[in-house]
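Reviewing the structure listed below.
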Amino acid sequence: MYTRYIESEEKKTININLLEFAKYFMQFSLFLFYILIFTLSTNYAIADSHQSGGTFLFGRGGDSVGLDPALEEDGESFKVCDNIYDTLIHYKDGSSEIEPGLATQWESSEDGLSWTFTLRRGVQFHDGTPFNSEAVLFSLNRQHDKGHPYHNVEGSYTYWVATGLAEIVDKIIAIDEYTVKITLKSPYAPFLYAIAITPFSIVSPTAVIENGNNFSNHPIGTGPFIFQQWDRGDKIVLKANENYWGGRPNVDRVIFLSIPDNSVRLIEMQQGNLHAMEFPNPDDLQQIRDDESLDLIAQPGMNIGYLAMNMEKPPFDNLNVRLAINHAINKAVIIKHLYQGLGIPAKNPIPPTLWSYDDSIEDYDYNPKLAKELMSLAGYPEGFETTLWALPVPRPYIPDGRALAEVIQSELREIGIKTNIVTYDWGTYLDKTKYGDHDMAMLGWSADFGDPDNFLYFLLSKSSAEKPAGNIAFYKSDEMQQLLEKARSISDKEERITLYKKAQNVFHQDIPWVPLAHAQRVLVINKKVKNLKLHPLNWKYFRNVTLEK
């Protein structure tokens, strides 16, 4: 130690001179100093230890609602769930393509009505119980089967219904301990992409049975990180799963910090108290770019903002009118000023991050002179008067509906179209557009899962033009319908790509909307952070993140 003990038969005495005392006191003080530094570095700060990957600190605008993936509906919950749980099939990091997850392989019957999944062996849940076919049946049947003993909980299985699986899935059975078969009532090509989303994660049956409605606060999955702590409104702490089947994560812990104010989050970034943050204020982007310690990463989101023209109402049933309106709107100016550069002009009804996107299609350029000529060809040389419905709330695909409406109003005035701006509260706006009360209305869509059907069928099919409609242009094309029906009923991906590219060309010819923009997703990161990618479906994958020393 730092003192030298001399024992005698009667008692112990300390024999130390002043020089030795000073020497050992300095050594002991230095020892305490290193202990203090080590303790601070393992707290919620950016410092990394030499023997581990450190703690990754992620700043976000709000807390999660819950951590039972089957019951959640919000992105803040899914961000955390993605790191605790696995699905049968994963989306590749930074992509809308799929890869094996808890299922190592899968195959479909020739008629597309049954899907057989071979499960990964040797995987355990975080509570030490085994992953097998019974766990898959428990996780999916508790959503699908109303007679399942754990079906009735405090909440609803929103995504099981919204994706159509509640109606399409017939039964889910185990062939053996590591083989599961899902039978459908009708072929549904997007099935694999739907089953890969977070709400269909595989949960620990033991944990659900033990915790019941409180499972959301005690989440147990097979994922790369293990739930450790949740301080509501403040932080969620996850630790690395040392035995993760995909390999141990590169960091020891991930902490999700709830910091509602965008400016405060940025200050925390600049002071070195966060590794990454979401949703910077657009006005702060240049400041971020100028900061040598920070990087700004962005990519087009999997969304579309558009202006729908109600084709059930003249003159929007006239192709030349619709073409004129497309040529009259300056998307570049809109992106620059209203999106603060955080978007790209849209030309197709699906985003460029989604497979089958046809980049060969040329957008209708901003050309007011040509727009006026088309108005004359349509029989409206003096223009006409109509209504323009403006989004009443900011959305990921349109950040400021009123400002956008005023810009469009000004541009359409140049070609003789006088517009009266109309808006309602959000719920009323949605209800009225579903029933076609509008002339022109802005709206948009963000992907639920990475399949073109999720955009095209809901937004442009004849079926979806039935009121209450998702297709608020009330665009009814037999050619489009046939393409979409065929594409969702076959499993060959290359053939589906061909069909969806044809569908995009049909859309471009008929042009029932002005496709406006794909809003970009932005993340601010410390330059010490490596391998952090934006995911097009809004959910984070932190298992590959590394921190430079």
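Derivation of every value follows stated rules applied to the coordinates shown; laboratory data play no part. In this text, all values refer to a predicted model and were calculated from it rather than measured experimentally. Because the Cβ atoms are built from the backbone with ideal geometry, glycine has one as well, and the counts that use them run over all protein chains shown.
Brief remarks on what is shown
- Only helices enter this figure: runs of n ≥ 4 DSSP H residues, each worth -39500 (n - 2.57), summed and divided by the residues of the chain, yield -9000 deg cm²/dmol at 222 nm to the nearest 500.
- For region 338-355, putting each phi into the Karplus relation 6.51 cos²θ - 1.76 cosθ + 1.60 with θ = phi - 60° gives couplings of 8, 9, 6, x, 8, x, 10, x, 9, 10, 10, x, 10, x, x, 7, 9, 4 Hz, in residue order, rounded to whole numbers and with x for Gly and Pro.
- Rounded tilt (10° steps) of 478-489 against the dominant C-alpha axis of the chain: 30 degrees
- Each of the peptides 182-193, 517-528, 260-271 was scored by the mean count of other Cβ atoms within 10 Å over its residues; in descending order, highest first, they stand as 517-528, 182-193, 260-271.
- Cβ-Cβ FRET estimate between Ser376 and Trp355, R0 fixed at 45 Å, reported to 0.05: 0.65
- Modelled spin labels at Asn211 and Ile173, positioned 7 Å past Cα toward Cβ, are 3.2 nm from each other.
- Approximate spin-label separation Gln270-Glu466, in nm, with each point projected 7 Å along Cα-to-Cβ: 5.6 nm
- Average silhouette area of region 294-423, convex hull of alpha-carbon atoms, in square nanometres: 9.1 nm²
- Among beta bridges that DSSP assigns inside the chain, antiparallel share in %, nearest 5: 80 percent
- Pair Asp234, Lys527: separation of 7 Å Cα→Cβ label points (nm): 3.3 nm
- Fully extended contour minus Cα-Cα distance, from Asp431 to Ser156, at 0.36 nm per residue: 96.8 nm
- Between Ala298 and Asp127, the FRET efficiency estimated from the beta carbon spacing at R0 = 56 angstrom works out to 0.90.
- Between Val393 and Gln287, residue separation times 0.36 nm minus the direct Cα-Cα distance comes to 35.4 nm.
- Segment Ser109-Thr183, length gained on full extension (0.36 nm per residue, minus Cα span): 25.7 nm
- Percent of C-alpha pairs per 10 Å bin in the chain, short distances first: 3, 16, 23, 22, 17, 9, 4, 2, 2, 1, 0, 0.
- Alpha-carbon Rg/Rh ratio, for region 431-531, with Rh computed the Kirkwood way: 1.08
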